[in-house]
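Here the structure comes first, spelled out in structure tokens, and everything after it is commentary.
What follows draws every value from the coordinates through simple rules; no lab data is involved. All values derive from a computational prediction rather than experimental measurement. Reconstructed Cβ throughout: ideal geometry from the backbone, glycine too, with neighbour counts over all protein chains shown.
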Amino acid sequence: MSSATLKHAAFVLRGNPLTAIAAFATALLVVLAIIGPAIVPYDPTASDVAHALEAPTAAHWFGTDQLGRDVFSRVIVAARLDLAIAASAVVLSFALGAVIGSICGYTGGRVDRAVGRFVDVLMAFPLFVLAMAMVAALGNRVENIVIATALINLPFYIRFARAEVNVRRNAGWVEAARACGDSHLSVVLRFLLPNILPAMAVQISLNLGWAILNAAGLSFIGLGVKPPTPEWGIMVAEGARFISTGKWWLVAFPGLALMFCVLCFNLLGDGLRDILDPRMRT
Amino acid sequence: MTEPLLRIEDLAVTFSTRRGPVEAVKGIDLDLPAGRMLGIVGESGSGKSVTAFAVTRLLDAAGRISRGRVLFRGEDISRASSKTLRAIHGAAISMIFQNPRAALNPIRTVGLQLADALRAHRPLSDKAAREKALELLKTVLIREPEKRLDAYPHELSGGMCQRVMIAMAIACEPALLIADEPTTGLDVTTQKTVMDLIARITAERQMAVILITHDLGLAAQYCQDVVVMEQGRIVERAAPEALFRRPQHPYTRRLVAASPTPTSKVEDLVADPEYHVPLPPEPLREKPAAGTPPLLEVVNLVKRYNHGITAVGGVSFSIGAGESVGLVGESGSGKSTISRMICRLIDQTEGEINFEGQSISGIPADGFHRSPYRRQIQIVFQDPHDSLNPRFSAFDAIAHPLKRLDRLSNTALKERVLDCAAKVGLPANLLDRFPHQLSGGQKARVGIARAISVRPRLLVLDEPTAALDVSVQAVTLQLLERLRREDNLSFLFVSHDLNVVRMMCERTIVLQNGCVVEQGESRRLFDAPESEYTRTLLAAVPHFEGAA
């Protein structure tokens with residue numbers, strides 16, 4: 001980060017305070033995810049049947065669920081798991097996708113065509129169904145949710161990296177790097193990848209929201225994280241049974257938490273795009 | 001005195017930027033009578049294009065006319081409504097742009113686009129519009145005009161696209177044509193035909209023309225009046241002959257001195273004593289002993305691409321130690337392909353490349369980075385901006401080959417980088433900057449410093465100054481010449497600019513369609529060319545010293 005980049009970021013944030021708010025909210029989310037279990041008022045898994053299904057009160061801000069567990073504590077503690085699943089899935093698909101896509105974009109030819117068809121096949125499936133099938137086949141574990149989520153995100157990263165590298169592969173500085181003694185591989189890894197990172201960062205941020213929804217969705221339909229682990233998707237699924245009797249707080253608060261996360265990441269992604277887009281600089 | 005067609009009074013254009021308002025044109029006055037061609041010359045940032053855009057009111061959103069008047073046929077159009085402007089655009093004032101291919105709509109045929117231009121100002125039936133379009137294509141001398149009418153822009157060459165643009169510009173018979181660098185990026189022979197065409201058509205139709213160009217020779221050859229702009233101001237206005245023979249303003253004098261002519265020498269390019277650094281004398285080279293191989297020997301080099309296109313068809317030449325050899329030719333002549341094969345960035349299909357008598361053509365380009373010869377052959381690229389990694393500072397860029405090829409690090413690395421920067425005249429405090437924070441000339445210096453940092457024996461210069469302003473080009477050429485004389489470097493100087501090559505190279509090779517047409521000592525080759533093609537090339541170069 002040069003000082004010019006920081007100056008430019010400050011300029012964009014001044015003109016677009018929403019990005020600043022989103023960045024702040026994202027930071028808050030991350031902090032909550034880290035220290036959440038230590039600060040919540042109740043044990044998220046301790047049941048208290050005497051106080052089951054109570055509406056929000058001063059003692060239980062978000063009410064209690066059918067086993068009398070504090071919904072507020074559960075929503076906060078769940079942030080860690082949900083964010084961890086989404087983040088590791090996105091990091092995994094980004095790392096793989098960026099390298100595979102860059103190599104395809106740089107070399108072109110047979111490798112590029114083969115990978116391209118593989119990506120096409122992958123994208124031809126309804127992605128959520130594909131993730132369901134994978135978790136069902138591999139076993140109902142957190143790692144498998146991560147792998148499934150990573151795999152269905154992979155095609156986007158491959159295509160994105162491929163396109164970004166493709167427009168730069170004939171740039172003068174790529175040839176210059178080779179004249180300076182770099183091999184093809186090192187040109188891709190040390191020159192092209194760093195140059196497409198800013199653009200990929202936008203993709204990562206937008207993708208995180210999607211990955212969270214995906215992980216929660218898998219848990220919602222009973223694949224992935226198992227109860228009584230606090231997780232937003234399970235909480236929504238469990239609370240859905242009581243919504244017809246007017247116990248809205250069981251679904252509303254984890255649902256709002258999900259929405260808040262996705263919104264933050266999307267707003268942040270839009271802001272990042274403005275900050276990193278060189279055409280915005282004058 | 002009759003009212004001139006166009007009169008500009010105290011025109012100022014201001015752009016609002018993040019750092020506050022910036023005045024790009026600072027109050028200029030101009031008169032243009034009907035039927036005359038006026039040249040506006042200047043370097044990048046001089047405000048010449050902004051002036052043109054202000055006259056046509058095509059400034060982008062950030063810019064506005066802050067002061068002054070633009071009188072067209074006596075009427076002030078500087079504050080005219082967009083409705084009035086629509087009636088004027090095309091019908092009374094039209095414009096042609098630098099990059100003709102980008103100015104044409106890629107998904108509509110040439111005929112339809114011409115018809116659009118015709119219909120913008122008067123109703124015409126499909127058939128009548130097509131007939132008129134055909135007539136226009138004939139006027140701009142496009143061969144097989146019936147066929148071209150249904151062609152898409154990508155099916156035409158750059159020169160043909162520019163002719164189509166001219167046809168569109170004259171479609172409604174405007175009184176004023178503004179040509180903004182109409183031939184930049186075109187080959188000299190194409191440039192000549194396009195400029196001749198503009199001159200003839202506008203003379204026939206009594207149109208006034210504003211020719212905006214950075215090329216003094218071009219302005220001198222075609223314009224009746226020339227104004228020189230510097231930083232938003234007109235510094236001098238005169239007839240071309242007077243202007244270039246006896247430039248009055250110091251800036252014009254500098255510009256004229258920096259423009260290479262057939263008689264100029266590298267030593268004289270920089271007239272300004274402030275920047276003038278005397279060149280070391282040409283070193284005396286001993287005649288190499290008989291039997292010593294030349295530094296570089298290229299034998300029967302061929303490059304064929306898979307789809308059957310032969311880019312280079314059997315080229316042979318050699319370069320001695322300390323010698324500078326020019327490689328000239330138009331686009332598609334194979335000069336870039338040859339330079340990349342010699343640099344071992346791409347493989348040749350056939351032929352031999354010998355460096356100091358050792359064959360290096362056997363080493364595949366993919367593995368050449370490991371070869372000890374990698375450091376001996378370095379390259380300076382055409383576009384100094386494009387050839388620098390946007391994420392590397394100037395220091396990183398120069399350090400890169402030293403790290404890779406010389407395995408230097410820490411203090412040794414820092415010393416060498418500072419050394420190289422000093423050698424190319426790059427101030428050390430600029431080394432932390434990134435490419436977008438450097439000027440064109442500074443980027444060119446970084447590119448040269450990077451190439452010479454590993455002390456190569458042969459430097460391939462691929463149009464090293466094509467993207468630079470003439471004054472920056474002058475300084476850069478002097479720098480290259482000094483490096484060659486000091487370090488006994490050999491140059492392969494690839495260029496389309498014949499005057500530059502004549503000045504910089506002892507021998508010259510003329511290429512056409514991948515084959516050598518003529519090669520020999522520069523002085524002989526330029527004074528008495530043997531081949532018809534070389535003569536055509538030389539005749540197409542615009543001159544201002546003989547302008548009359």
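With both partners inside chain B, how many of the DSSP beta bridges are antiparallel, as a percent to the nearest 5?
Values: 45 of 82 bridges.
Of the beta bridges lying entirely in chain B, close to 55 percent run antiparallel.
Of all trypsin sites (Lys or Arg not before Pro) in the stretch B:220-275, which ones are in loop regions per DSSP and have a Cβ with at most 16 other Cβ atoms within 10 Å?
Values: sites: B:ARG233, B:ARG237, B:ARG245, B:ARG253, B:ARG254, B:LYS265; in loops: B:LYS265.
Hits after loop and neighbour filter: B:LYS265.
So what is the relative contact order for chain B, in percent, with contacts set as C-alpha pairs under 8 Å and at least six apart?
On the way: 1078 pairs, mean separation 83.7, N = 548.
Averaging sequence separation for qualifying contacts and normalising by length gives 15 percent for chain B.
Could you tally the net charge around B:GLY291, taking each other residue with its Cβ under 15 Å from the Cβ of B:GLY291, Lys/Arg +1 and Asp/Glu -1? Please list the in-between numbers first.
Working: positive: B:LYS287; negative: B:GLU286, B:GLU297, B:GLU356.
So the surrounding residues net to -2.
Check cross-link reach from B:LYS403 to the aspartates and glutamates: straight Cα distance under 19 Å, and skip same-chain residues fewer than eight apart.
In chain and number order, the partners are A:GLU175, A:ASP182, B:GLU415, B:ASP419, B:ASP432.
Give the residue from B:THR56, B:LEU112, B:LEU30 lying farthest towards the positive end of the charge dipole for the stretch B:1-136; charges sit on Cβ (+1 for Lys and Arg, -1 for Asp and Glu) and the dipole is referred to the Cα centre.
B:LEU112
For the stretch A:204-282, which trypsin sites (Lys or Arg not before Pro) are both in a DSSP coil and crowded by at most 16 other Cβ atoms within 10 Å? Intermediate results must be reported in sequence, preceding the final value.
Numbers: sites: A:ARG241, A:LYS247, A:ARG273, A:ARG279, A:ARG281; in loops: A:ARG241, A:LYS247, A:ARG281.
Of the trypsin sites (Lys or Arg not before Pro), the ones in loops of the stretch A:204-282 whose Cβ has at most 16 other Cβ atoms within 10 Å are A:ARG241, A:ARG281.
Mind listing the phi-derived Karplus ³J(HN,Hα) values for the stretch A:162-169, rounded to whole Hz, using 6.51, -1.76 and 1.60 with θ = phi - 60°, and x for any glycine or proline?
4, 5, 5, 6, 4, 6, 9, 5
With only Lys, Arg, Asp and Glu charged, each at its Cβ (+1 for the first two, -1 for the last two), find how big the charge dipole of the stretch B:1-158 is about the Cα centre; round to the nearest 20 debye.
In total the dipole reaches around 320 debye.
Where nothing but the Cβ of Lys and Arg (+1) and of Asp and Glu (-1) is charged, how large is the charge dipole of chain B around its Cα centre, in debye to the nearest 20?
Values: 67 positive and 64 negative charges, 258 e Å.
For chain B, the charge dipole is close to 1240 debye.
Indicate, rounded to the nearest 5 percent, the antiparallel portion of the DSSP beta bridges found entirely in the protein assembly as shown. Can you show the working numbers first?
Numbers: 46 of 83 bridges.
The answer is about 55 percent antiparallel.
Give the percent of DSSP beta bridges with both residues in the stretch B:427-538 that are antiparallel, rounded to the nearest 5. Don't skip to the answer; put the middle values down first.
On the way: 6 of 11 bridges.
If I count the DSSP bridges inside the stretch B:427-538, around 55 percent turn out antiparallel.
Tilt of helix B:440-452 relative to the longest C-alpha principal axis of chain B, in degrees (0 to 90, nearest 10)?
20
How far is helix A:71-107 tilted, in degrees, relative to the longest principal axis of the Cα atoms in chain A, given as a value from 0 to 90 rounded to the nearest 10?
With both axes taken from Cα atoms, the answer is about 20 degrees.
Which net charge results when you count Lys and Arg as +1 and Asp and Glu as -1 among the other residues whose beta-carbon is under 13 Å from that of B:GLY322? Spell out each step's value before the answer.
Values: positive: B:ARG285, B:LYS287, B:ARG457, B:ARG484, B:ARG485, B:ARG507; negative: B:GLU282, B:GLU286, B:GLU323, B:GLU481, B:GLU486, B:ASP487, B:GLU506.
Once positives and negatives cancel, what remains is -1.
If amide H atoms are built 1.01 Å from N in the plane of the peptide, which residues on other chains or at least 5 residues away come under 5 Å of the amide H of B:ILE178?
B:SER94, B:MET95, B:ILE96, B:ILE210
What list of ³J(HN,Hα) values in whole Hz, one per residue of the stretch A:50-66 in order, does the Karplus curve 6.51 cos²θ - 1.76 cosθ + 1.60 (θ = phi - 60°) give from phi, with Gly and Pro shown as x?
Those phi angles translate into 4, 10, 5, 6, 8, 5, x, 9, 5, 6, 10, 4, 9, x, 10, 9, 5 Hz.
From the phi of every residue in the stretch B:22-33, what ³J(HN,Hα) in whole Hz does the Karplus formula 6.51 cos²θ - 1.76 cosθ + 1.60 yield, where θ is phi - 60° and glycine or proline is x?
Listing the rounded values in order: 10, 8, 8, 10, 10, x, 10, 10, 8, 10, 9, x Hz.
If you only keep lysine pairs separated by 8 or more in sequence, or across chains, how many in the stretch B:59-175 come under 17 Å at the Cα atoms? Working shown, then result.
Values: B:LYS127/B:LYS138; B:LYS127/B:LYS147; B:LYS132/B:LYS147; B:LYS138/B:LYS147.
Lysine pairs meeting the criterion: 4.
Which one, A:PHE11, A:ALA52, A:PHE94, projects farthest toward the positive side of the charge dipole computed for the stretch A:11-97 from Cβ point charges (K/R +1, D/E -1)?
Result: A:PHE11.
Using +1 at the C-beta of Lys and Arg and -1 at the C-beta of Asp and Glu, which of A:GLY108, A:LEU192, A:VAL146 has the Cα lying farthest in the positive direction of the dipole of the stretch A:49-203?
The residue sitting most towards the positive pole is A:GLY108.
Rounded, prolate or oblate for the stretch B:266-361? Axes are the square roots of the Cα gyration tensor eigenvalues, ordered a ≥ b ≥ c, and the cut-off for rounded is a/c under 1.5. Please list the in-between numbers first.
Values: a/c = 3.31, a/b = 1.50, b/c = 2.20.
It is oblate, given that a/c is not under 1.5 and a/b is not larger than b/c.
Expressed in whole Å with the largest first, what are the equivalent ellipsoid semi-axes of the stretch B:421-466 derived from the C-alpha gyration tensor as the square root of 5 times each eigenvalue?
Numbers: eigenvalues 72, 37, 12 Å².
Its equivalent ellipsoid spans semi-axes of 19, 14, 8 Å.
Nearest 500 deg cm²/dmol is fine: what mean residue ellipticity at 222 nm does the protein assembly as shown get from its DSSP H runs of n ≥ 4 alone, each adding -39,500 (n - 2.57), divided by its residue count? Don't skip to the answer; put the middle values down first.
On the way: 29 runs with 387 residues, N = 830.
Rounded to the nearest 500, the figure is -15000 deg cm²/dmol.
Viscosity 0.890 mPa s, temperature 25 °C: give me the Stokes-Einstein translational D for the protein assembly as shown in µm²/s, with Rh taken as the Kirkwood radius over C-alpha pairs. List each step's numbers first, then the result.
Details: Rh = 31.4 Å.
In µm²/s, the coefficient rounds to 78.
Write down the Å³ per residue value for the convex hull defined by the alpha carbon atoms of the stretch B:496-548. Write out the running numbers ahead of the final one.
Working: hull volume 4.6 nm³, N = 53.
For the stretch B:496-548, the hull spanned by Cα atoms encloses 87 Å³ per residue.
Write out the trypsin sites (Lys or Arg not before Pro) in the stretch B:378-409 meeting two conditions: DSSP loop, and at most 12 other Cβ atoms within 10 Å of their Cβ. Spell out each step's value before the answer.
Numbers: sites: B:ARG391, B:LYS403, B:ARG404, B:ARG407; in loops: B:ARG391, B:ARG407.
Here the sparse-neighbourhood loop sites are B:ARG407.
Measure out, as a whole number of angstrom, how far apart the alpha-carbon centroids of the stretch B:7-64 and the stretch B:482-525 sit.
Computed from Cα coordinates, the inter-centre distance equals 39 Å.
Could you tell me how far the Cα centroid of the stretch A:133-210 sits from the Cα centroid of the stretch B:338-386, in Å?
Between the Cα centres of the stretch B:338-386 and the stretch A:133-210 lies a distance of 31 Å.
Give the lysines reachable from A:LYS7 as a straight Cα distance under 30 Å; neighbours fewer than 8 places away on the same chain don't count.
B:LYS26, B:LYS414, B:LYS443
Taking the convex hull of the Cα atoms, report for the stretch A:164-227 its projected area averaged over all directions, in nm². Before the final figure, lay out the partial values.
Numbers: hull surface 24.7 nm².
Result: 6.2 nm².
From the C-alpha coordinates alone, can you work out the Kirkwood hydrodynamic radius of the stretch A:116-176, in Å? Let's see the in-between values first.
Values: mean 1/r = 0.0750 Å⁻¹.
Taking every pair of different Cα atoms in the stretch A:116-176, averaging 1/r and inverting gives 13.3 Å.
Give the Cα extents of the stretch A:29-124 along the principal axes, in whole Å, largest first.
The Cα atoms of the stretch A:29-124 stretch 67, 28, 17 Å along their principal axes.
Assigning unit charges at the beta carbon (Lys, Arg +1; Asp, Glu -1) and nothing else, what dipole magnitude in debye, to the nearest 20, does the protein assembly as shown show about its Cα centre? Each step should come with its number before you reach the end.
Working: 88 positive and 81 negative charges, 145 e Å.
Magnitude of the dipole: close to 700 debye.
With N residues in the stretch B:324-406, what two-decimal value do you get for its Cα radius of gyration over 2.2 N^0.38 Å?
1.22
Given H placed 1.01 Å from N in the peptide plane, which residues other than close sequence neighbours of B:GLU236 have an amide H under 5 Å from its amide H?
Sorted by chain and number, the residues that satisfy this are B:VAL228.
Would you mind checking which residues have amide H under 5 Å from B:ILE379's amide H? H placed 1.01 Å from N; only 5 or more apart, or other chain.
HN-HN under 5 Å from B:ILE379: B:VAL460.
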